[in-house]
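For reference, the structure discussed in these notes is given below.
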Amino acid sequence: MTNASASSPVLLLFGATGDLAHRMLLPSLFGLDADDFLPEGFRIVATARSVMDSAAYRAIAAEALAAHVDADRLQPALVARFLDRIDYVALDATKADGFGALATAVGSTQSLSIFLSTAPSLFGSTIAGLAAAGLAGANVRLALEKPLGHDLASSQAINDQVAHVFPEERTFRVDHYLGKETVQNLIALRFGNVLFEPLWNAAGIDHVQITVSETVGLESRGDYYDGMGALRDMVQNHMLQLVALVAMEPPARFDAASVRDEKVKVLRSLRPIDAGTVETCSVVGQYGAGAAGGQPVAGYADELGRPSNTETFVALKAHIDNWRWKGVPFYLRTGKRLATRQSEITIEFKAVPHSIFEGAKASADLKPNRLIIRLQPDENIRLTIMAKTPGLDRDGLHLREVPLDIGLANAFADVRRRIAYERLMLDLIGGDPTLFVRRDEVEAQWTWIDAIRDGWTKKGMTPRPYGAGSWGPSAAIGLAERDGVSWHD
Ligand code: BG6
């Protein structure tokens, strides 16, 4: 390991007054501090454009904790200790002259973690300012939040700009899905058990489904979201990372190089969906008026305040062209204002090759085994198996599908469920990039996504309407049902 792996005593947080800092980053840092995970004497230098002093910022941070941390964890002594760690420096990141004050606040340490939770348009001037102020040395790591571009070319431009000052091993690209407990559990499940691996291939698996459905709409992010759409907001990053973890070969070790080497191979093996296949392998939708949480809600265009062709729903049928996954479809779907909030990976195994229950009702009852890994709203892993229904049936066995459940909340009742960013912040501060996304992964992701978008343009595909509170356009059901597959709702 390089020096970059030493724990940083200081975190420099850009975008410190933003929504992400408020909802996720400050509560995560507090959670780490309360459980004594932060290094001795750790300090946070928060920065944003708003002019205020450290006391005023600490008051904002206290409000963020009150709003987003369970009240029983907010013991006054812990809150006071945490707030005491924070200094605030106002900075206009477009101007070079403010960075000296930042360096003064950081102090003499050479070891620093920086988190950029700002618009990518500020990355260039921020990175130049950091370098000029001596805040980009060999022991400085840089974490970057999405959106890192809107296509391959813009993502390359951002990555080039960053690489100019921060080499890849010190660049930590955040995909918060990798900080989720169940996502890491997928790795534990696949490679910590002997049961699944022999079946984890085209011979044992019929298809894979990944659903990330949300009930929320635009959430006042109209300008950002309308320029992105569901494909780039959710599939390009979070869903393709899930695909990569489900499909990758066993890494040599659980370390940054080994895991990411395997993931990128999967991403490069994704069969392009382009103008030739986009109409049969993708469905796009945009929500109209409907209901959410029992209340009537407006359609996307009304929420946005103008007509738009941005997709708020996308369903895809993907293939991974390699030995392991030959012929196994991966059905992916995500959308806003859908029926429920649910993130789930379903692995459907092959049917038994032959039913011994011939003629009996049991044969008709036989269903393939499914492994359902649920990320949200609750975290659990469920394996469905066939079992005999109890009773003295005289017309042959009666079978029923029953779940073997590992409700993680029950299995680990004594362990607090953490925010995804707690894990990622701790890894950034400690210098472990395993759960961050490497440049080659991001570029493979964009390459696949750009071809889909290009296909939509060439074929003039525009979103089909769906009612808020539904499961998306009916064509999405057709996408799977054509292959005899039903979405797991
Ligand atoms: C973000 C997207 O990356 O992920 C949002 O920009 C989306 O549109 C969010 O709502 C979903 O994250 P989670 O953790 O709530 O599933």
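Points to keep in mind about this one:
- Rounded accessible area of Trp325 (nearest 10 Å², 1.4 Å probe): 0 Å²
- Square roots of 5 times each gyration tensor eigenvalue, C-alpha, the stretch 35-74, largest first, Å: 21, 17, 7
- Qualifying trypsin sites (Lys or Arg not before Pro) for the stretch 187-281 [loop in DSSP, other Cβ within 10 Å: at most 11]: Arg253
- Extent along the principal axes, Cα only, for the chain: 82, 51, 46 Å, with the longest axis given first.
- Each principal axis of the Cα cloud of the stretch 130-209 was taken in turn, and the coordinate range along them, longest first, works out to 55, 28, 18 Å.
- Estimated at the nearest 10 Å², the accessible area of Ser474 is 90 Å² with a 1.4 Å probe.
- Within the chain, DSSP assigns beta bridges of which about 55% are antiparallel (rounded to the nearest 5).
- Dividing the helix sum by the residues of the chain, where each DSSP H run of 4 or more adds -39500 (n - 2.57), gives a mean residue ellipticity at 222 nm of -9500 deg cm²/dmol.
- Centroid-to-centroid separation of the stretch 188-205 and the stretch 210-265 [C-alpha atoms, Å]: 22 Å
- Relative contact order (percent, whole number), the chain, Cα cutoff 8 Å, 6+ residue spacing: 19 percent
- Principal semi-axes in Å for the stretch 1-150 [√(5λ), Cα gyration tensor, largest first]: 24, 18, 15
- With R₀ fixed at 35 Å, the C-beta to C-beta distance from Val415 to Ala387 puts the FRET efficiency at about 0.70.
- Alpha-carbon geometry of the stretch 98-232: the Rg and the Dmax are 19.9, 61 Å, given in that order.
- When you work out D = kT/(6 pi eta Rh) for the stretch 383-463 at 20 °C and 1.002 mPa s, using the Kirkwood radius from C-alpha pairs as Rh and the Stokes-Einstein form, the result is 113 µm²/s.
- Rg/Rh (Cα only; Kirkwood hydrodynamic radius) as it applies to the stretch 308-457: 1.06
- Carbon plus sulfur fraction of accessible area for the chain, probe 1.4 Å, in percent: 54 percent
- Qualifying GluC sites (Glu not before Pro) in the stretch 213-313, where qualification requires a DSSP coil assignment and no more than 12 other C-beta atoms within 10 Å, comprise Glu219.
- Cross-linked pairs Lys265/Lys459; Lys95/Lys263; Lys263/Lys350; Lys146/Lys458: Cα-Cα separations exceed 32 Å for Lys95/Lys263.
- Convex hull of the stretch 283-373 built on C-alpha atoms - directionally averaged projected area, nm²: 9.7 nm²
- Ranked packing of 52-65, 8-21, most packed first, by mean Cβ within 10 Å: 8-21, 52-65
The values are calculated or read from the model by the stated rules, or taken from the named source; none is laboratory data. Please read these numbers as outputs of a predicted model, since none were measured by experiment. Every residue, glycine among them, receives a Cβ derived from its backbone with ideal geometry; neighbour counts consider all protein chains shown. Just so you know, the surface numbers come from the protein's heavy atoms only, side chains and all, with ligands and any DNA or RNA stripped out. Shrake-Rupley method; radii C 1.70, N 1.55, O 1.52, S 1.80 Å.
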